[in-house]
Amino acid sequence: MFNKNNKIYLDYAATTPVDKEVLKEMLPYFSDKFGNASSVHSFGQEAIAAIDQAREKIAKLLNCDFSEIIFTGSATEANNLAIKGFVVAKDSYRNLLRLIGTGKKFHIISTNIEHESVLEPLKELEKLGHKITYLKVSKDGFVSVSDLEKNIKNNTLLVSVIYANNEIGTIQPVKEIGRLLEKINQKRQENGLGKVYFHTDAVQALQFLECRPDWLKADMMTFSGHKIYGPKGIGGLYVRNVQNVLNVVMKGKKIRIDNRTSTTSTSLQPIITGGGQEFGLRSGTENIANIVGLAKAVELTFKNREVRFKKAFNLRNKMLNNIIKYNGSVKVNGSLENRLPNNLNLRFPGVSNETLIVGLDQAGVAISAGSACSSRATIASHVLIALGLSQKEAKESIRITIGKDTTKEEIKKAAKIINKTIKIPNPKS
Ligand code: PLP
């Protein structure tokens with residue numbers, strides 16, 4: 001229960017409060033253990049040890065290598081690094097070799113329901129001449145694996161598909177995509193074509209779903225602290241430390257160029273440069289408290305995932321039933337199957353979401369219109385438009401997201417307030 005002046009917070013996809021256990025681990029790093037990880041003295045050693053331990057903890061939980069975890073200032077930054085940093089690095093490498101860099105740019109596949117922190121870097125790459133295919137989702141909110149397969153071209157370098165959508169909670173078939181790309185890449189290698197890499201934004205998924213990159217067969221995966229009861233201003237990127245192999249065909253002959261070094265740094269170009277922290281991929285003095293907090297939050301999330309899933313699922317369904325009972329015209333945006341258990345995205349025909357959100361806030365219930373980034377803007381959600389909703393329908397939609405400490409009583413009370421605010425005859429108390 002998050003109770004501030006008796007208010008009910010149901011916007012956990014926007015952000016979560018820092019867990020008490022997380023905060024406890026973070027606190028010493030603001031004062032007693034304040035060293036700079038780049039310093040040689042014992043204060044610095046204490047700081048670097050804390051970063052190492054945090055990285056090791058996350059690597060163990062994600063079943064990957066220590067060197068495959070990069071800490072960033074947010075998931076937004078991690079997505080930028082995975083997309084811009086990766087593609088630009090590949091492009092300059094290819095041009096440097098002047099073998100196939102004859103002006104032909106890369107092709108990238110993504111979807112039309114990505115978070116803005118994926119869509120905006122893609123737009124920048126488009127301006128550099130790279131071609132992007134945005135897969136359309138079904139009206140239920142899913143991309144099709146066969147559609148993806150049909151769109152792969154010889155020069156496709158990267159596929160980036162969000163694991164679970166932040167607005168409608170639909171879970172994309174990322175496991176199937178990973179397996180498909182693995183199969184395709186085997187053939188491409190035989191045919192002298194470069195690998196198609198796979199990135200997924202797992203920011204909303206990490207709390208509830210299997211996210212080990214080896215299981216997903218993902219080359220890069222983004223996660224964030226503040227969506228899993230960790231601090232704000234910290235994100236992470238898993239980057240597979242694979243052989244960076246480029247297969248080219250020159251004068252009818254296959255040539256295999258091996259760009260391997262022992263770190264991931266050759267596969268990505270940093271987008272923030274300076275002191276060379278984070279294996280040279282993200283310069284800037286490390287935020288030790290946040291890094292420690294992120295690792296603790298990931299640990300707690302992994303420990304309680306199944307319990308959290310079940311609890312959120314039951315409360316979400318209770319909320320929906322309580323609303324449907326008194327409002328037959330309410331519509332659920334996106335499928336209720338294969339959806340994050342804590343997410344409800346509802347449309348109340350004829351009711352403006354702006355009016356509803358303000359009214360609900362005054363009545364003590366905090367919900368949002370969609371993604372946190374656009375909730376202050378009056379623009380219609382691109383995700384809802386992608387489902388086929390009109391501008392007007394998108395603006396009649398709200399997002400309710402349930403937290404790990406949300407109680408049955410809060411759900412009951414919030415549903416009552418929602419029904420009252422949209423002037424549905426109220427359930428008897
Ligand atoms: N990706 C998804 C799916 C998100 O929901 C968010 C946050 O809203 C982000 C990326 C950006 O995360 P951060 O706030 O850490 O930059």
Cα-centre dipole for the chain with unit charges at Cβ (Lys and Arg positive, Asp and Glu negative), debye to 20: 1160
Name the longest site-free stretch of the chain, where the excluded sites are GluC sites (Glu not before Pro) in a DSSP loop with no more than 16 other beta-carbon atoms within 10 Å. 1-209
Projected convex hull area of the stretch 21-301, Cα atoms, direction-averaged, in nm², equals 14.6
Of the heavy-atom accessible surface of the chain (probe 1.4 angstrom), what whole percent is carbon and sulfur? 52
Please give the helix 288-303 orientation as an angle from the longest Cα principal axis of the chain, in degrees from 0 to 90, rounded to the nearest 10. 70
Charge tally in the Cβ shell below 15 Å around Tyr229, where Lys, Arg are +1 and Asp, Glu are -1, Tyr229 excluded: +4
Average accessible surface area per residue within the stretch 21-301, 1.4 Å rolling probe, Å²: 41
Any chance you could check the Cα centroid distance between the stretch 140-156 and the stretch 1-77 for me, in angstrom? 36
Could you pull out the pairs from Lys136/Lys187; Lys24/Lys232; Lys20/Lys412; Lys57/Lys311; Lys20/Lys57; Lys127/Lys153 whose alpha carbons sit more than 23 Å apart here? Lys136/Lys187; Lys20/Lys412; Lys57/Lys311
Using helices alone, I'd like the mean residue ellipticity at 222 nm for the chain: each DSSP H run of four-plus residues gives -39500 (n - 2.57), total over residue count, nearest 500. -11000 deg cm²/dmol
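For a quick check of your reading of the filter: which trypsin sites (Lys or Arg not before Pro) in the stretch 34-133 sit in a DSSP loop and have no more than 13 other Cβ atoms within 10 Å? Write down the numbers at each step before the final one.
Values: sites: Arg55, Lys57, Lys60, Lys84, Lys90, Arg94, Arg98, Lys104, Lys105, Lys123, Lys127, Lys131; in loops: Arg98, Lys104, Lys105.
Qualifying residues, ordered by number: Arg98, Lys104.
The values are calculated or read from the model by the stated rules, or taken from the named source; none is laboratory data. Since the structure is predicted, the reported quantities are computational estimates derived from the model, not experimental observations. Methodologically, a virtual Cβ is constructed for each residue, glycine included, from the backbone with ideal geometry; neighbour enumeration extends over all protein chains shown. Side chains are part of the model used for accessible areas, which takes the heavy atoms of the whole protein and leaves out ligands, DNA and RNA. Shrake-Rupley method; radii C 1.70, N 1.55, O 1.52, S 1.80 Å.
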